[in-house]
1. Looking only at residues in segment C:12-58 that are touching a residue at least 40 places away in the same chain (Cβ under 8 Å) and not in a helix (DSSP H, G or I), which one is farthest from the other protein chains (Cβ to nearest Cβ)?
2. Going by the structure shown, is A:ILE213 of a type outside the set (Phe, Trp, Tyr) and within 14 Å of another protein chain (Cβ to nearest Cβ)?
3. In segment B:111-130, how many are farther than 27 Å from B:LEU59 by Cβ and either open to solvent by less than 10 Å² (accessible area, probe 1.4 Å) or over 11 Å from the mean Cα position of the chain (by Cα) (or both)?
4. Please state which of the following conditions C:THR258 fails to meet, knowing it meets all the rest: (1) of a type in the set (Val, Ile, Thr); (2) more than 14 Å from chain B (Cβ to nearest Cβ); (3) open to solvent by less than 40 Å² (accessible area, probe 1.4 Å).
5. Checking the conditions here, which among D:ARG107, D:ARG123, D:ARG96 is among the basic types (Lys, Arg) and farther than 17 Å from D:LEU48 by Cα?
6. Restricting to segment D:59-93, count the residues that are in a helix (DSSP H, G or I) and within 14 Å of chain B (Cβ to nearest Cβ).
7. Filter segment B:283-296 down to the residues that are facing chain D (nearest Cβ under 8 Å), out of contact with any Lys or Arg (no Cβ under 6 Å at 6 or more places or on another chain) and outside any loop (DSSP other than H, G, I, E, B) and list them by number.
8. Determine whether C:GLY225 is more than 14 Å from chain A (Cβ to nearest Cβ), buried (at least 18 other Cβ atoms within 10 Å of the Cβ) and assigned to a loop (DSSP other than H, G, I, E, B).
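The values are calculated or read from the model by the stated rules, or taken from the named source; none is laboratory data. Only a predicted model underlies this, so the values are computations on that prediction, with no experimental measurement involved. No Cβ is skipped: glycine too gets one built from the backbone with ideal geometry, and neighbour counts run over all protein chains shown. For accessibility, only protein heavy atoms count, side chains too; no ligands or nucleic acids. Shrake-Rupley method; radii C 1.70, N 1.55, O 1.52, S 1.80 Å.
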Amino acid sequence: EPQERAFQERIDAGQKIEPKEWMPEGYRKTLVRQISQHAHSEIVGQLPEGNWITRAPTLERKAILLAKVQDEAGHGLYLYCAAETLGISRDEMYEQLHCGKAKYSSIFNYPTLSWADIGAIGWLVDGAAIMNQVPLQRCSYGPYARAMVRICKEESFHQRQGFDVLAKMVKGTPAQKAMVQDALDRWWWPSLMMFGPSDDASVHSAQSMAWKIKQNSNDELRQKFVDQTVPQADYLGLTVPDPELKWNEAKGGYDFGQPDWKEFFEVIAGNGPCNAERLGARRKAWDDGAWFREGLAAHATKAEQRRTAGQAAG
Amino acid sequence: EPQERAFQERIDAGQKIEPKEWMPEGYRKTLVRQISQHAHSEIVGQLPEGNWITRAPTLERKAILLAKVQDEAGHGLYLYCAAETLGISRDEMYEQLHCGKAKYSSIFNYPTLSWADIGAIGWLVDGAAIMNQVPLQRCSYGPYARAMVRICKEESFHQRQGFDVLAKMVKGTPAQKAMVQDALDRWWWPSLMMFGPSDDASVHSAQSMAWKIKQNSNDELRQKFVDQTVPQADYLGLTVPDPELKWNEAKGGYDFGQPDWKEFFEVIAGNGPCNAERLGARRKAWDDGAWFREGLAAHATKAEQRRTAGQAAG
Amino acid sequence: MSSAPFPTVDQAALFEFLLRMGDNALILGHRLSEWCGHAPALEEDIALANTALDLIGQTQLWLGLAGEMEGKGRTADNLAYLRDATEFRNVLLVERPNGDFGKTLMRQFLFDAWHLSMLQALRSSADKRIADIAEKAAKEVAYHLDRSRDLVIRLGDGTAESHRRMREALDDLWPYTGELFIGDAADEELAAAGLGPAPESLKAEWDGVVGETLTEATLKKPADGYMQRGGKRGVHTEHMGFILAEMQFLQRAYPGATW
Amino acid sequence: MSSAPFPTVDQAALFEFLLRMGDNALILGHRLSEWCGHAPALEEDIALANTALDLIGQTQLWLGLAGEMEGKGRTADNLAYLRDATEFRNVLLVERPNGDFGKTLMRQFLFDAWHLSMLQALRSSADKRIADIAEKAAKEVAYHLDRSRDLVIRLGDGTAESHRRMREALDDLWPYTGELFIGDAADEELAAAGLGPAPESLKAEWDGVVGETLTEATLKKPADGYMQRGGKRGVHTEHMGFILAEMQFLQRAYPGATW
């Protein structure tokens, strides 16, 4: 089809696609799926970290964590707006989340069990997210690419803060150091899984690459993440929980073991440690908040009517 | 009226009145009010102490407190049964509690703010309650008098346990001792108020005395309580928060100040620190439990039908 | 660190005052942060986190100054994390449970209206350190009040359901507002030294703001009946112990650790 | 205090086992005591307090023996109040939130059915101290099971509403039952030494009791799908930290005090 060919040529030429322009239905759908999943991840991602705000160990750490979680809600907002440019409303996206049709990043189905987990999420989870997101700043869809620029900047900041939490703790008491190692033990594999299954097993990859929605393979990014993170773990004096981990001089990177993909698919299927609670919390927030949203809407209508009546009278 | 005269003669002769026997309507009403108020007090009284079970400082203290609260629920049960012999159902009594018509002891509208409060409730509140209840073992109404025998025995045990909590704490750290003094400061006056307003101001006293539902005046019991408790406070090394407190050699008892009766009537009127929460908690327990009670009732009906059907078939 | 005394005022009264300001901010910030991820709209999640963040920042300033003034080497963190309930000086209002979102908003509005008047008055405190903190905090709190007042109006004058919830919230919380305006010896000391306003002096302005807002929200202002009090002198509600058990866990369980 | 070693078994495995038994009782007892004064009928308030009381008593015995066996001078209270979440060894099932009363009952029933089998098997433990605790506890737990099973049946076969609630409770809790029957190295050590049963060996009896009860309750037994686990090796749910913050507050805030 000529229209599709022209579209592909624009992408190949590195041009950005903008909201009002023609795009193939598959491109639109893929973007909606990906952006809304990303937005949902920001929103659901408030929960595991929010779990420790009331227990943050100092006022400064509490403030930093509050600011971070606030940023995440902000990212959710940009991303929902970006998705809305593709003709879907925020409420529709929520609906898809709440009924289980739309996904969010599986990493948030793991529990935060100690303060070190807050550091580990910043260091590993945000670290992996950045790895995934940096290339998206060059994504072919303009609004998404632009949202990513802003998000990536803040995420890097969060990652440094997370690393700083851990760096402080490993210099602390033996109990604190043990807490950090325990956090790494629990978050390492789930973080590697954030890049998705090995490319052979990944469904949407090829087309997404052609459309420049996706720019690197899952395995490529995972390798990059491991290569970046292992020296940081060494610096912290921690042991990465992978007996197969070994520097490979020839490839200039680490060899490492495979995550437990069975677990990955169980978590995707809803059987992670916190799936029910995360989705339950979001549904409850939405349902309990119905009266609030309806109240605001009713007020807006009344105010509008008063304004109109005032104009008519005036 | 000859019936009433005969009734009063039996009471004067020290005979017990039993459920099926004739009694003046006023006698019945007074007893229902008093017994159900007493039962409600046991039930509501679970809440301030229950507030600390999950935070009890040792396993043994936790076990003792659990046992105590369980006893209180048990007392509630005897007392509701005693009241039921007067022709009112437990559900009717609950209804009166929940709608605010029936009262419970105002003391439970004060909060338990530290572990020392658990000791103070045992020592002071149970102490005052025993003072009130011991004469009720000789009350003219048989079922109430017999319930009181059992209750008084357990209450004395609770009082000793409460005193023991405090005795242990005052031998502890300065912070613990301060906690105990703070508890006495907050519970002293409310405990004195448990005996009710001064006799001149008390509404039902005279008739209740004649009927042997009440055997001592409020002021008499309050004096007895002060005389018993002040030496115990001395023993614990505590200061009773009453500048007017002074041994009166002539009367062989203490002179002491008047409680803030304005506060007393505010608390009775619903303005105590915890009135709304206590009653709210009981209402919520009842409302949330409706499905449970209905489920059990439905099962009982089904089981009965099956039994009858089985018999008919057999 | 300067520990210059405030020569014209009783040090204990001043310490008390600084704890009250700091503890109000800390405990209300704690309550707000319990909402994290559970608010009825994304914009509200953001706004609550932002308000909580402001309040925690103010806590650091007030408690930091309290510790400095006390001169025993206690930091803001020491004061926040190592006092038990009887040593806290926040008003009871801020420790009330969140309830539904309407109750949280109403609590916020009733507090913000007082908080802003208080901070505005403190800008002319005879002590520059207090005035400086108040200057910064007043800007933040002006925004808090704009927001909470606006939402109270919109929800009061929204649906029958939202009106009912806001009315119940108002009636529930009203008995906890009196404490904001009842002065004690410490307050008198401070007022006499020109360090802060007498609490009673803020009542008229608060009545004005609250009254106008409630009218616009079509909510009936409750009668000033019996008022609950105690927080300012360390007699709290049963909720306080649970707040602290949660908030202080790490500092209590790992004494001497740095984070 | 005797600290006689158990010569035939790895001491760490035995310590682990004793913690598991003690922590299950402690945490479930804690959850039950949260109901105090809030149950749907007075008889239930009494019964829950009684069950909690039994469980706290059992905690004292198991953790007391654990401390004795460890030989480092730790008491049952030290173990209950001064360990953080990762050191707790209870199954995830007992830390699940209470939910409505139906969920509390269902959790109790699913646990009681396992608990009784376990304790009955432990009565013939090669170690007399374990056998003695089990003997005493089994009597109590037999009564717990009678009660929870009876109520599950009556509510399952009650109204449509009570049936629905019990069904939802069952479905929610089912994924937390698998952990009761999954043995690890410590369990194998113990079984090999004749000190306790292999967890797997208790499954058939449990399936029988649960199956019959659910049938009588007209509830459908869920399929054995993916099972949650972690508690036995110290990886808990997010609830655990909040339980401990509350439970341990006094011991943490007042180190060295005696009560």
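1. C:TRP35
2. no
3. The total comes to 1.
4. Failed condition: (3).
5. Residue meeting the stated conditions: D:ARG123.
6. 15
7. Listed by number, the residues that qualify are B:LYS284, B:ALA285, B:TRP286, B:ASP288, B:ALA290, B:TRP291, B:PHE292, B:ARG293, B:GLU294, B:GLY295.
8. no
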